[in-house]
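Bear in mind that the values in this text are calculations on the coordinates, not laboratory data. On a predicted model such as this, the values are computed, not experimentally measured, just so you know. Here the Cβ is made from the backbone with ideal geometry for all residues, glycine too, and neighbour counts use every protein chain on show.
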Amino acid sequence: METVPSNEKLSEPQRSVLDGSSLGLSNSSLGLSNLDKLDKGELYQKAFTGFSKLNLRQRYLRLQELGVLKTEDLEFLRQGGITSTDLAENFIENVLGYFQLPLGVATHFVIDGEPYVIPMAVEETSIIAAASKTAKWVKEFGTISTQVMGAEIIGQIQFAKVRDLNNLRKVIKENEATWVSELNEKVASGLVRRGGGVTRMVLRDILRPDGLTMAVLHVYANPCDAMGANVINQVCEYLKSPLEIKSGEVVTMCILSNLVDSKLTKSRIEMTGLETELMERIEEASLFAHCDPYRAATNNKGILNGIDPILIATGNDWRAVEAGAHAYAAQDGQYRSLTKWSVKNQTLIGELTAPLIVGIVGGVTQLHPMARLSLRILGVDSANKLSRICAAVGLVQNLGALRALTTVGIIEGHMKLHIRNLTLGAGATDRESPIVQKRLEQILSLQKRISLQNAVEVLNELRLKNKLVAPEPNPTSVCT
């Protein structure tokens, strides 16, 4: 396993903000000294100890001190992000405004020996907290490693009712090299300049329900650091005419595929020093999700709880990634878990394998300022690295869920954090919230369930005690 070199020094930008001059701080609010002797892992460990207890301003300063956020980033965040609808008018139709999601960061992630701050755009309570807590646990007892297998995305050209399959195969074989060269020159030249381009073609035949044969030509291309959707669609459309002329067949559809089994991302966690009973429980929970599609659906949703927020934050097509992941989960004919956990030689081993096709150039990733900001926070320099981070966070999120489900249960963690939403929904003020939350935690501990009605009742009792007017619940706030 690759580790962070002990002699890795801070970058000049990190050192310049850590001197505290722009913030009016003496050296650093982190209380760090001898900065030149700190490696990146030690710096991040100190920076994120107690991070969740900081207020918003303190979190901003802490990330600025690390060099993760710049002064202009802080100004952008403080003003509330995008304020003009001009950008939206160029993205979609019939614009009314923006729907804003909370943006936070998950901490304590060390992936392939490198510490990361993970930006996540998500509204669901406990996702970021669970990811950070589990990442810290993994860091203490194990490692996270990742890899990308393959490099090609897939475009499909369909012949709904092929008349002469053998002739079609012959035509493609005879012209493949010429067509690949022509496509790279006239359609995919941008990919070629970045080191990618169209690579090969493979013809598949599918038996139709009516007994006829359908043929599908897969066109493969390396998109480099782009998702490549637009390019691969144009490649397939360009091939339509020469295919029909040369083969005499009729092309009925040209479209990319989101099931990209030619480029898979894999993450792996290994942990030692854990209780045998806990490891066995996690292994059994994994088997449950492998054997039962009803459980697998919820299990995989939990994995995507970790992946989707990163995709949204970085401006990637999370719907495409989800579609590919779910299709890959059913590749053997039954829908199964994307992860597998096992115990070998007193080591807990978890693996996730899925097609996670992402980009860091082109489209929303470069046009949306929040996406650019998120990519800077991650510090990624390639689409493959972003994909590997997504796979690592998805696997960590799965581990955190399985650990909770096989020990304290889902209520202990998720609902305890959900209490804050219920308190807000009941209409509690900032001054009342801590008292209401504490009482709701007591109710949750006793009853193992909690609802908005409980929050309203607690708040009514508190205000009655203080001779205040009882509130009405806010029906638009949160659900029970």
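What is the gain in length, in nm to one decimal, between F91 and S241 on full extension, counting 0.36 nm per residue of separation less the C-alpha to C-alpha distance? If you can, show how the numbers build up before the last one.
Numbers: separation 150, 0.36 × 150 = 54.00 nm, distance 3.11 nm.
Answer, rounded to one decimal: 50.9 nm.
Please tell me which of these pairs span more than 30 angstrom C-alpha to C-alpha: K240/K266; K133/K448; K186/K301?
In this structure, K240/K266; K186/K301 lie more than 30 Å apart at Cα.
What is the gain in length, in nm to one decimal, between V343 and N460 on full extension, counting 0.36 nm per residue of separation less the C-alpha to C-alpha distance? Provide the component values of the computation, followed by the final result.
Values: separation 117, 0.36 × 117 = 42.12 nm, distance 5.07 nm.
Length gained between V343 and N460: 37.1 nm.
In deg cm²/dmol and to the nearest 500, what is the mean residue ellipticity at 222 nm of the chain if only DSSP H runs of at least 4 residues count, each as -39500 (n - 2.57), divided by the residue total? Write down the numbers at each step before the final one.
Numbers: 18 runs with 227 residues, N = 480.
Helix contribution divided over all residues of the chain: -15000 deg cm²/dmol.
What fraction, in whole percent, of alpha-carbon pairs in region 412-465 exceed 12 Å separation? If you can, show how the numbers build up before the last one.
Numbers: 817 of 1431 pairs.
Across region 412-465, Cα pairs with separations above 12 Å total 57 percent.
For helix 433-447, report the angle its Cα long axis makes with the longest principal axis of the Cα atoms of the chain; keep it between 0 and 90° and round to the nearest 10°.
So the inclination is approximately 70 degrees.
Take the alpha carbon gyration tensor of region 306-422, find the square roots of its eigenvalues, order them as a ≥ b ≥ c, and report rounded if a/c is under 1.5; if not, report prolate when a/b exceeds b/c, else oblate. Don't jump to the answer; show the numbers that get you there.
Numbers: a/c = 1.90, a/b = 1.34, b/c = 1.42.
Oblate is the answer for region 306-422, as a/c is 1.5 or above yet b/c matches or exceeds a/b.
Which FRET efficiency value, to the nearest 0.05, is calculated for L54 and D164 with the Förster distance at 51 angstrom and r the Cβ-Cβ distance?
Values: r = 69 Å, r/R0 = 1.36.
Given R0 = 51 Å and the Cβ-Cβ separation, E is 0.15.
Between the helical axis of 165-186 and the dominant principal axis of the chain, each derived from Cα atoms, what acute angle in degrees is found, rounded to the nearest 10?
60
Assign unit charges at the C-beta atoms only (+1 for Lys and Arg, -1 for Asp and Glu), then state the dipole size of region 153-257 relative to its Cα centre in Debye, rounded to the nearest 20. Provide the component values of the computation, followed by the final result.
Values: 13 positive and 11 negative charges, 22 e Å.
Charge dipole of region 153-257: 100 debye, to the nearest 20.
Bins of 5 Å, beginning at zero and ending with the bin holding the largest distance: percent of Cα pairs per bin for region 153-257, please.
2, 14, 25, 24, 17, 10, 5, 2, 0, 0
Give me the compactness ratio for region 180-332, meaning the Cα radius of gyration over 2.2 N^0.38 Å. Spell out each step's value before the answer.
Working: Rg = 20.4 Å, N = 153, 2.2 N^0.38 = 14.9 Å.
With N residues counted in region 180-332, Rg over 2.2 N^0.38 Å equals 1.37.
Please name whichever of M201, N466, C224 sits farthest to the positive end of the charge dipole of the chain, dipole taken about the Cα centre and charges placed at Cβ: Lys and Arg +1, Asp and Glu -1.
Result: N466, furthest along the dipole toward the positive end.
About its Cα centre, how strong a charge dipole does the chain have in debye, to the nearest 20, once Lys and Arg get +1 and Asp and Glu get -1 at the Cβ? All intermediate terms of the calculation are to be shown ahead of the outcome.
Numbers: 52 positive and 52 negative charges, 134 e Å.
Rounded to the nearest 20 debye, it is 640 debye.
What does the convex hull of the Cα atoms come to per residue for region 49-190, in Å³? Can you show the working numbers first?
On the way: hull volume 37.8 nm³, N = 142.
Spread over its residues, the Cα hull of region 49-190 gives 266 Å³ apiece.
Normalised by the number of residues in the chain, what is the relative contact order in percent for Cα pairs under 8 Å and 6+ residues apart?
On the way: 796 pairs, mean separation 68.7, N = 480.
Worked out over the chain, it gives 14 percent.
Helix 383-405 sits at what angle to the longest principal axis of the chain, using alpha carbons and giving 0 to 90 degrees rounded to 10?
50
Which value, in Å to one decimal place, does the Kirkwood hydrodynamic radius take for the chain when every pair of different Cα atoms is included? Intermediate values should be presented prior to the final figure.
On the way: mean 1/r = 0.0394 Å⁻¹.
Kirkwood hydrodynamic radius for the chain: 25.4 Å.
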